[in-house]
Structures are given as structure tokens and as C-alpha cells.
1. Quick one: order His155, His116, His130 from most to least accessible surface, probe 1.4 Å.
2. Run through every distinct alpha carbon pair of the stretch 20-104 and return the Kirkwood hydrodynamic radius in angstroms, one decimal place.
3. Given a 1.4 Å probe and the protein chains all in place, what does the accessible area of Glu59 round to, in Å² to the nearest 10?
4. So what does Ile30 come to for accessible area, using a 1.4 Å probe and Å² rounded to 10?
5. To the nearest 10 square angstrom, what accessible area does Met83 show with a 1.4 Å probe?
Amino acid sequence: MIAAISGALADPGPDDRELLASIVGVARSIFGAAASSIFLFDRDADELVFEAVSGEGEEFLVGTRFPAHRGIAGWVVDTGESMTVDDLADSPLFAQDLAKRTRYVPNSIMAAPVVHREEILGVIQVLDPHPQSRSSIADLDLLAAFAGQAGLALHGLVRSRAARRALDLGGAEFERLAEIVRVLAELGPAQRAGGLRLVDSLHEVLSGMVR
């Protein structure tokens, strides 16, 4: 039990950035696109955050934030629907000013919501895919399959960050609780019954704080 608590304190969760980078890299390759990216929907800030980029902008875009409800990606977040646009110049949804901030203005785009357990976590998109990929329902379904994998990775990333924030904000409290648990675990047999019930309660509290 102590080992489980210590593990929760020391290891808040896996880093899923490598998986996200792999997903956008493979998506870009399969669709013959100039770039592919994954956004995280930061609900607290009401922004979309670049979490992984392959191709144009990969050197500097990760971590960049944009308004959550503008552009094609914003439409996908709001509706939960996939979208493909062959000519962005004619699309009223396309936010060219935001595209210019990425230093790459695409002509076409495919985008799909990244969902985990019915919650929209973000958006995956491919920019300027090969012409044969732009209007095919099968290819849009394939992008949605990539979005499903991205949902697992983004969910892990969000949990990991939440755990790290809990540790950063409540490090002293965690240490005090962990010390109490260690003391209780060393009680003699006569005291152990009541003590272990308290240990279990504290373990649930600690575990809940890092979920």
C-alpha cells in the first residue's frame, strides 16, 4: 500500500507526446499532406493548443495557442463533426489570420474531432493532403481512426498534467499525508485494525488527488 502511494506521488502518469508525434507523422505520410497536427482543447482557457505537429511548423508550433471556437478546428470542436474542405479560400469558416500566425496558409484541409469517452479533447487535422484524399469518405473515416488513437494519448497527457499540477500545488500536504500513512503502517497488531482503515481512507484521498 505504501509502495502504491509512493508510486502515485512520484509517477503521475506516462508522457504521451511521443505517441502523439507518431500519430501526426503517420497521418501526414499516409495522406501525402504538407503538414499534420493535433490540438488539445483547453476548456479552462477556452483555447486550442498545438500538442503535436509534423511537417510545416513542427519546429515552433507545439505549445502555440489559438481561440477555441474559430476556424475549421473551432468548428470541429463545436460540432463534434469531421470536415474536409478542398478550397479554403472559398470557406467562410477558414480563419486566414490564424493560419498566417502559423506561417503556413494551406489551400485544403481535413479535420476530425479527437474524442475520448464521448468527450471532445481536441482536433486532428491534415493540411494540403494529396488531391485523391480530399473528398473520399473512406479517407475521412481513416482520419477519424487516427483521431481515436489520438484520444487515448491526449487523455493520458491531460491526466499526467493534472497530476503534476496537484503535486506542484500540494507537495507539502502530500508529504505530510504520506508521513502519516507511514506511521500508521508501522502500528502494532493491536492498533492495526483501526489504523489500516484510516490508511485506506488516506490512500483513497491521495489516489483521487492524482487521477
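The values are calculated or read from the model by the stated rules, or taken from the named source; none is laboratory data. These numbers come from a predicted model, not from an experiment. We work out accessible area using only protein heavy atoms, side chains counted, and drop any ligands, DNA or RNA first. Shrake-Rupley method; radii C 1.70, N 1.55, O 1.52, S 1.80 Å.
1. His130, His155, His116
2. With all distinct Cα pairs of the stretch 20-104 included, I get 13.4 Å.
3. 150
4. 90
5. 30
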